[in-house]
Amino acid sequence: MVIEKYVKPGLVRFVSRHFPFLGPESTRAAEAAECAAEQDAFEEYSNLLLANQQPSRNAGGFADKKLVALARFGGLDESDFESCLIDGRYVMNIDLDLTSADELGVRGTPSIFVNGEFVSPASIENVQGALDKALADLGDA
């Protein structure tokens with residue numbers, strides 16, 4: 001609803017950042033999502049990650065073999081995906097996202113900001129209210 005009402009018409013820009021606070025597999029899953037983005041499948045792959053979370057953290061649920069298997073299952077080019085993951089193309093990007101989140105005081109997900117202001121709780125109503133206010137403020141400028 002928010003995407004259709006605000007992003008698709010070009011009223012606002014949606015930016016997603018990674019917050020891999022659950023350890024090494026969480027970080028690796030974020031890298032894998034960026035590799036999927038190279039094949040225009042960020043959202044689809046992220047949904048696969050969410051659907052395949054394991055109850056135990058860092059117990060092999062997002063080991064490289066499983067991340068590649070999810071890519072295959074999602075219809076991605078396995079060779080390109082695996083090459084991206086092994087090369088560590090997005091390690092620095094993920095590290096920067098984590099540092100930025102720490103500087104902003106992010107403590108969990110989802111954390112939503114509108115023009116740098118934290119929206120809490122992150123309900124659809126609160127997000128829409130913050131976006132409407134930000135857009136109204138632009139009109140007053």
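The values are calculated or read from the model by the stated rules, or taken from the named source; none is laboratory data. Owing to the predicted nature of the structure, the values given are computational and were not obtained by experimental measurement. Don't worry about glycine lacking a Cβ; one is built from the backbone with ideal geometry, like all the others, and counts go over all protein chains shown.
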Residue match in the range 4-15 (condition: touching a residue at least 12 places away in the same chain (Cβ under 8 Å), surrounded by 17 or more Cβ atoms within 10 Å (Cβ to Cβ) and either over 23 Å from Gly116 (Cβ atoms) or within 12 Å of the chain's Cα centre (by Cα) (or both))
no
Any residue at all in the range 92-111 that is exposed (fewer than 15 other Cβ atoms within 10 Å of the Cβ) and more than 18 Å from the chain's Cα centre (by Cα)?
no
Starting from the range 31-53, take each residue that is in contact (Cβ under 8 Å) with a residue 12 or more places away in the chain and list its partners that are of a type in the set (Val, Ile, Thr), counting only C-beta distances under 6 angstrom and pairs at least six apart or across chains.
Glu31/Ile94
Take the conditions outside the structural domain of Thr27 (by TED's automatic domain parsing), farther than 15 Å from Phe21 by Cα and free of Cβ contacts under 8 Å to residues at least 12 places away in the same chain and apply them to Ala136. Does it pass?
yes
Within the range 53-72, is there a residue that is among the basic types (Lys, Arg), within 16 Å of Arg28 (Cα to Cα) and either surrounded by 14 or more Cβ atoms within 10 Å (Cβ to Cβ) or within 16 Å of the chain's Cα centre (by Cα) (or both)?
yes
If Phe118 satisfies all but one of (1) assigned to a helix (DSSP H, G or I); (2) in the same structural domain as Leu135 (by TED's automatic domain parsing), what's the number of the condition it fails?
(1)
Wholly within the range 24-101, which helices (runs of 4 or more DSSP H) include no fewer than the required count, namely at least 2 residues that are modelled with pLDDT of 95 or more, more than 20 Å from Phe14 (Cβ to Cβ) and not polar (S, T, N, Q)?
24-37, 64-73, 78-87
